[in-house]
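Enquirer: Dumping the structure here so I can ask a few things about it.
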Amino acid sequence: MAEPRSVDQLLLILGEIVDLERIAGLLGWDQQTMMPAGGASSRARQRATVALIAHERFVSDEVGRLLDECEAATCDEDYSSFARSLVRVARRHYDKERLVPKELAAEMSAAASSAHEAWVLAREQSDFERFLPSLETGLELRRRYVACFDEETHPYDHLLDDYEPGVTTADVQAIFAELREGLVPLVRDIREHGAEIDASMVHRTYPVGDQVALVEQLLESIGFENDSWRLDTVVHPFALRVGMGDIRITTRYFEDYLPAGIFGAMHEFGHGLYEAGVSPEFDRTPLERLSSLGLHESQSRLWENLVGRSRAFWEFAFPTLQKTFPTQFSDIDAEQFYRAINRVEPSLIRVEADEVTYNLHIIMRFELELALVDGSLAPEDLPAAWNERVDDYLGIDVPDDAHGVLQDPHWCFGFGYFPTYALGNLVAAQLWRRVGGDIPELADQIGVGEFEPLRAWLVENVHARGSTLTLSEALDTVVGEPLAARPYLDYLADKFGAIYGLTPSATA
Ligand code: ZN
């Protein structure tokens with residue numbers, strides 16, 4: 001057992017730090033859901049103040065001394081014991097934060113806000129030149145950031161490690177190569193041999209008030225609880241744990257595009273459920289902070305796609321949909337709707353991409369940002385490199401930078417997290433295969449709106465563990481295999497082979 005006093009003292013400080021981080025999160029939630037636009041500069045200052053207090057408290061010599069003492073006292077404990085996991089996870093963050101000068105961290109966050117301003121103008125005018133200086137600054141700051149750590153390691157590894165501890169650039173390259181080899185021919189087969197799918201009904205007029213009512217009803221049926229969750233409308237959807245019993249999720253609605261509201265909400269529900277399911281023992285400790293973005297994204301993708309875009313789910317939910325929109329759905333049945341929400345079409349914009357083409361967008365971003373970080377691609381050559389890859393992978397022409405390289409603001413905020421979006425899809429498929437083995441009647445349960453067994457499985461196997469395990473440790477423990485592309489490729493070939501009437505040989 002650990003020297004009780006050191007662990008208690010450490011927990012006291014870490015508890016305050018988690019409180020401060022959750023307060024900063026709540027300020028951010030308020031900014032996106034409630035705050036009048038005029039409050040932006042005060043709010044930026046308030047968030048920076050809270051973040052600075054949390055940072056200084058954490059990187060103190062006192063925390064370093066307590067970590068040393070706790071490590072010595074817990075080294076004989078089981079790897080997954082509470083105290084040992086706590087110390088391991090806190091140590092990982094501590095060492096990293098200690099090595100990065102406070103000034104550099106502040107410069108990175110200030111550069112991100114001004115890059116965002118530049119990006120808004122650049123996109124409006126579809127003018128990459130306006131964004132180029134911000135991109136160059138961002139890369140230069142990342143070079144200084146990476147230089148704070150071990151120089152033997154690939155620079156991109158340090159960036160990736162902030163979002164996916166334990167996964168290396170080489171791991172991602174290998175798995176993406178396999179994924180790309182499977183996806184490109186599948187997209188081609190669908191385009192050349194697939195049946196026509198009419199998806200026009202999702203673009204009829206759907207008043208937002210009715211969409212909100214529908215989404216609330218669907219969320220409640222899958223596990224949203226009114227006394228511990230909130231749903232709000234925002235421009236860029238997200239999910240947030242404010243504390244135990246307080247989960248905030250968001251979505252956005254388009255009157256002429258029904259899927260955005262429904263699947264945005266189910267996606268964020270998956271993130272929220274993960275945050276809600278963390279073991280209460282981990283509350284106010286670094287173990288409640290879920291550090292693998294890939295694992296996090298696996299939970300959102302699982303609810304959005306494996307549940308939400310399944311035939312079984314719409315057997316259950318279609319009557320509710322039809323009751324909410326009787327005129328729009330007077331001539332449509334559940335099967336037609338199922339096919340429409342799964343229509344595959346190579347498109348320019350990642351966030352609108354279907355399940356099959358989505359990962360090609362991610363692979364492309366990863367390859368480009370890796371080349372920017374290792375210096376093999378000059379920032380001014382990015383638009384041309386982007387357009388060439390869109391043509392290679394998706395077979396379409398990019399008309400202008402607003403629909404290409406400037407389509408979203410992610411490169412204002414950093415590099416290294418794009419791969420986790422695709423890893424989330426792969427992990428979701430790996431977990432799904434395992435759930436299917438453990439609950440053979442899963443599809444029947446979903447078909448009648450019974451979601452409790454699935455939720456209970458996810459809580460027990462994934463959510464409750466908090467961040468005690470890295471992504472690869474979690475996969476090893478839960479599915480007994482390493483990160484792999486094959487289960488996802490098999491899932492896509494089965495599902496879309498059936499929807500598009502492809503013969504098995506065409507998808508092999
Ligand atoms: Zn997500």
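Enquirer: Check region 168-184 and report whether any residue there is of a type outside the set (Ser, Thr, Tyr), in contact with a strand residue (DSSP E or B) (Cβ under 9 Å, 6 or more places away or on another chain), over 18 Å from ASP374 (Cα atoms) and open to solvent by 20 Å² or more (accessible area, probe 1.4 Å).
Expert: Applying the first criterion (of a type outside the set (Ser, Thr, Tyr)) to region 168-184 yields 170-184.
Retained after the next criterion (residues that are in contact with a strand residue (DSSP E or B) (Cβ under 9 Å, 6 or more places away or on another chain)): none.
There is no residue in region 168-184 that is of a type outside the set (Ser, Thr, Tyr), in contact with a strand residue (DSSP E or B) (Cβ under 9 Å, 6 or more places away or on another chain), over 18 Å from ASP374 (Cα atoms) and open to solvent by 20 Å² or more (accessible area, probe 1.4 Å).
Enquirer: Let me ask something else. Hey, could you check region 424-441 for residues that are in a helix (DSSP H, G or I) and free of Cβ contacts under 8 Å to residues at least 12 places away in the same chain and say which is nearest to the chain's Cα centre (by Cα)? I'd like the intermediate steps shown before the answer.
Expert: Filtering region 424-441 for residues in a helix (DSSP H, G or I) gives 424-438.
Add one more test, that the residue is free of Cβ contacts under 8 Å to residues at least 12 places away in the same chain, and what stays is 436-437.
Details: GLY436: 23, GLY437: 25 Å.
Looking at the filtered set, the residue picked out is GLY436.
Enquirer: Which ones in region 240-293 are more than 23 Å from ALA456 (Cβ to Cβ) and open to solvent by 40 Å² or more (accessible area, probe 1.4 Å)?
Expert: Answer for region 240-293, where residues must be more than 23 Å from ALA456 (Cβ to Cβ) and open to solvent by 40 Å² or more (accessible area, probe 1.4 Å): ARG252, PHE254, GLU255, ASP256, TYR257, ARG284, ARG289, LEU293.
Enquirer: Here are the criteria: (1) in the same structural domain as ALA44 (by TED's automatic domain parsing); (2) in contact with a helix residue (DSSP H, G or I) (Cβ under 9 Å, 6 or more places away or on another chain); (3) assigned to a helix (DSSP H, G or I). Tell me which single one ASP157 does not satisfy.
Expert: That leaves (1) as the condition not met.
Enquirer: Of the residues in region 476-506, how many are of a type in the set (Phe, Trp, Tyr) and in a loop (DSSP other than H, G, I, E, B)? Outline the logic, then answer.
Expert: Restricting attention to region 476-506, the residues satisfying the condition of being of a type in the set (Phe, Trp, Tyr) are 488, 491, 496, 500.
In the following step, the residues that additionally are in a loop (DSSP other than H, G, I, E, B) were identified as 500.
Within region 476-506, residues that are of a type in the set (Phe, Trp, Tyr) and in a loop (DSSP other than H, G, I, E, B) number 1.
Enquirer: Considering ILE17, ILE23, which residue is modelled with pLDDT of 95 or more, open to solvent by less than 30 Å² (accessible area, probe 1.4 Å) and among the aliphatic types (A, V, I, L, M)?
Expert: Details: ILE23 fails: open to solvent by less than 30 Å² (accessible area, probe 1.4 Å).
Just one listed residue meets the conditions, ILE17.
Enquirer: Checking the condition over 26 Å from GLY501 (Cα atoms) and in the same structural domain as ALA456 (by TED's automatic domain parsing), which residue from GLY270, GLY308 passes? Before the answer, list the steps.
Expert: Working: GLY308 fails: over 26 Å from GLY501 (Cα atoms).
That would be GLY270, the only listed residue that is over 26 Å from GLY501 (Cα atoms) and in the same structural domain as ALA456 (by TED's automatic domain parsing).
Enquirer: Here are some conditions: (1) within 16 Å of the ligand (Cβ to nearest atom); (2) open to solvent by 10 Å² or more (accessible area, probe 1.4 Å); (3) hydroxyl-bearing (Ser, Thr, Tyr). TYR393 meets all but one. Which one does it not meet?
Expert: (1) is the only condition that TYR393 fails.
Enquirer: Please name all residue pairs, on different chains or six or more residues apart, with Cβ atoms under 9 Å, provided the first residue is in region 164-175 and is on the phi > 0 side of the Ramachandran plot and the second residue is modelled with pLDDT of 95 or more.
Expert: Listed by first residue and then by second, the contacts come to GLY166/SER292; GLY166/THR470; GLY166/LEU471; GLY166/SER472; GLY166/GLU473.
Enquirer: Working only within region 199-238, note down all residues that are in contact with a Ser or Thr (Cβ under 8 Å, 6 or more places away or on another chain), open to solvent by 30 Å² or more (accessible area, probe 1.4 Å) and not hydroxyl-bearing (Ser, Thr, Tyr).
Expert: ASP210, VAL212, ALA213, GLN217, LEU231, PRO237, PHE238, listed by residue number.
Enquirer: Also, I was wondering about something else. Taking region 290-327, which residues are within 16 Å of the ligand (Cβ to nearest atom), among the charged types (D, E, K, R) and touching a residue at least 60 places away in the same chain (Cβ under 8 Å)? Break it down stepwise before answering.
Expert: Filtering region 290-327 down to residues within 16 Å of the ligand (Cβ to nearest atom) leaves 290-309.
Now drop any that are not among the charged types (D, E, K, R), which leaves 297, 301, 304, 309.
If the condition is that a residue be within 16 Å of the ligand (Cβ to nearest atom), among the charged types (D, E, K, R) and touching a residue at least 60 places away in the same chain (Cβ under 8 Å), then GLU297, ARG301 are the ones that fit.
Enquirer: Any idea how many residues of region 138-152 are assigned to a helix (DSSP H, G or I) and open to solvent by less than 70 Å² (accessible area, probe 1.4 Å)?
Expert: If we filter region 138-152 for residues that are assigned to a helix (DSSP H, G or I), which is where we start, we get 138-146.
Keeping just the survivors that are open to solvent by less than 70 Å² (accessible area, probe 1.4 Å) gives 138-139, 141-142, 145-146.
Selection size over region 138-152: 6.
Enquirer: If you don't mind, there's one more thing I want to ask. Sort through ARG43, ARG5 and tell me the only one that's closer than 26 Å to ALA83 by Cβ and either small (Gly, Ala, Ser) or modelled with pLDDT under 90 (or both).
Expert: Numbers: ARG43 fails: closer than 26 Å to ALA83 by Cβ.
Only one candidate qualifies: ARG5.
Enquirer: Still on this structure: Right, GLU473: more than 16 Å from the ligand (Cβ to nearest atom), in a helix (DSSP H, G or I) and either of a type in the set (Phe, Trp, Tyr) or under 15 Å from SER292 (Cα atoms) (or both) or not?
Expert: Numbers: more than 16 Å from the ligand (Cβ to nearest atom): yes; in a helix (DSSP H, G or I): yes; either of a type in the set (Phe, Trp, Tyr) or under 15 Å from SER292 (Cα atoms) (or both): yes.
Yes.
Enquirer: Moving on. If you go through region 194-243 one residue at a time, how many are among the basic types (Lys, Arg) and within 23 Å of GLU21 (Cα to Cα)? Lay out the reasoning, then the answer.
Expert: Filtering region 194-243 for residues among the basic types (Lys, Arg) gives 204, 230, 241.
Then keep just the ones that are within 23 Å of GLU21 (Cα to Cα); that gives 230, 241.
Total meeting the criteria: 2.
Enquirer: For the list (1) touching a residue at least 60 places away in the same chain (Cβ under 8 Å); (2) under 16 Å from ASP8 (Cβ atoms); (3) surrounded by fewer than 15 Cβ atoms within 10 Å (Cβ to Cβ), I need the number of the one condition that VAL87 fails.
Expert: Of the numbered conditions (1) touching a residue at least 60 places away in the same chain (Cβ under 8 Å); (2) under 16 Å from ASP8 (Cβ atoms); (3) surrounded by fewer than 15 Cβ atoms within 10 Å (Cβ to Cβ), the odd one out for VAL87 is (3).
Enquirer: Has region 48-66 got at least one residue that is more than 27 Å from ALA147 (Cα to Cα), modelled with pLDDT under 95, touching a helix residue (DSSP H, G or I) at 6+ places or on another chain (Cβ under 7 Å) and among the aliphatic types (A, V, I, L, M)?
Expert: The answer is no, given that none of the residues of region 48-66 is more than 27 Å from ALA147 (Cα to Cα), modelled with pLDDT under 95, touching a helix residue (DSSP H, G or I) at 6+ places or on another chain (Cβ under 7 Å) and among the aliphatic types (A, V, I, L, M).
The values are calculated or read from the model by the stated rules, or taken from the named source; none is laboratory data. Quick caveat: nothing in here was measured; it's all calculated off a predicted structure. Here Cβ is always computed from backbone atoms with ideal geometry, including for glycine, and neighbour counts include all displayed protein chains. SASA here: full protein model, heavy atoms, side chains in, ligands and nucleic acids out. Shrake-Rupley method; radii C 1.70, N 1.55, O 1.52, S 1.80 Å.
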